[in-house]
Amino acid sequence: QVQLVESGGALVQPGGSLRLSCTASGIMFRVYTMGWYRQAPGKQRELVADITSGGSTTYADSVKGRFTISRDNANNAVYLQMGSLKPEDTAVYSCTVKIGIKSFWGQGTQVTVSS
């Protein structure tokens with residue numbers, strides 16, 4: 001079955017950096033667009049970034065220039081390098097893949113930006 005496992009969340013100070021990882025299993029990873037979403041308390045889940053099978057990327061305006069999404073097809077992994085972190089980046093970050101009409105999600109990893 002499809003499984004997505006995120007890691008790398010932590011408490012970090014404003015201005016700091018963090019790298020999130022998501023490892024997928026049960027899918028032909030290289031053919032799918034992979035995405036990172038986040039959900040802050042009391043807010044709707046929002047797309048942070050995604051990356052197509054060909055490596056094209058999309059970013060939310062709020063993270064452009066600060067975050068970089070990448071993928072490693074050999075290891076079925078997608079990464080989110082986050083820099084210049086702000087308190088408003090605090091959220092649970094989840095990776096996702098859409099296969100047909102169904103979306104699959106990981107359990108999420110908590111990122112807290114605070115001094």
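The values are calculated or read from the model by the stated rules, or taken from the named source; none is laboratory data. On a predicted model such as this, the values are computed, not experimentally measured, just so you know. Because the Cβ atoms are built from the backbone with ideal geometry, glycine has one as well, and the counts that use them run over all protein chains shown. These area figures cover heavy atoms from the full protein model, side chains too; ligands, DNA and RNA do not enter into them. Shrake-Rupley method; radii C 1.70, N 1.55, O 1.52, S 1.80 Å.
Between residue 72 and residue 110, what FRET efficiency comes out of the Förster formula 1/(1 + (r/R0)^6) with R0 = 35 Å and r the beta carbon distance, rounded to 0.05? Mind dumping the intermediate values first?
Numbers: r = 23 Å, r/R0 = 0.66.
The value I calculate is 0.90.
Solvent-accessible surface of the chain, averaged per residue with a 1.4 angstrom probe and all protein chains in place: 53 square angstrom. Highest mobility in the GNM of the chain, judged by mean-square fluctuation with C-alpha springs under 10 Å and restricted to 20, 47, 11, is found for 11. Within a straight-line Cα-Cα reach of under 17 Å, residue 64 can be paired with the following aspartates and glutamates, leaving aside sequence neighbours fewer than 8 residues apart in one chain: 46, 50, 88, 89. Annotation: amide H-H contacts under 5 Å for residue 67 (H modelled 1.01 Å from N, sequence separation of 5 or more, or interchain): 83.
Quick check on the chain: of the DSSP beta bridges with both residues there, what percent are antiparallel, nearest 5%? Let's see the in-between values first.
Working: 38 of 40 bridges.
Of those bridges, close to 95 percent are antiparallel.
At 4 °C and a viscosity of 1.567 mPa s, what translational diffusion coefficient does Stokes-Einstein give for the chain, taking Rh as the Kirkwood radius over Cα pairs? Give it in µm²/s as a whole number.
Numbers: Rh = 14.0 Å.
Translational diffusion coefficient: 92 µm²/s.
Around the amide H of residue 90, modelled in the peptide plane, lie the amide H atoms of 113, all under 5 Å away and 5 or more residues distant in sequence or on another chain.
Simple spin-label estimate for residue 88 and residue 58 gives 2.1 nm between the two label positions (7 Å along the Cα-to-Cβ direction from each Cα). Comparing 12, 31, 97 in a Gaussian network model of the chain, where Cα atoms under 10 Å apart are tied by springs, the biggest mean-square fluctuation is seen for 31.
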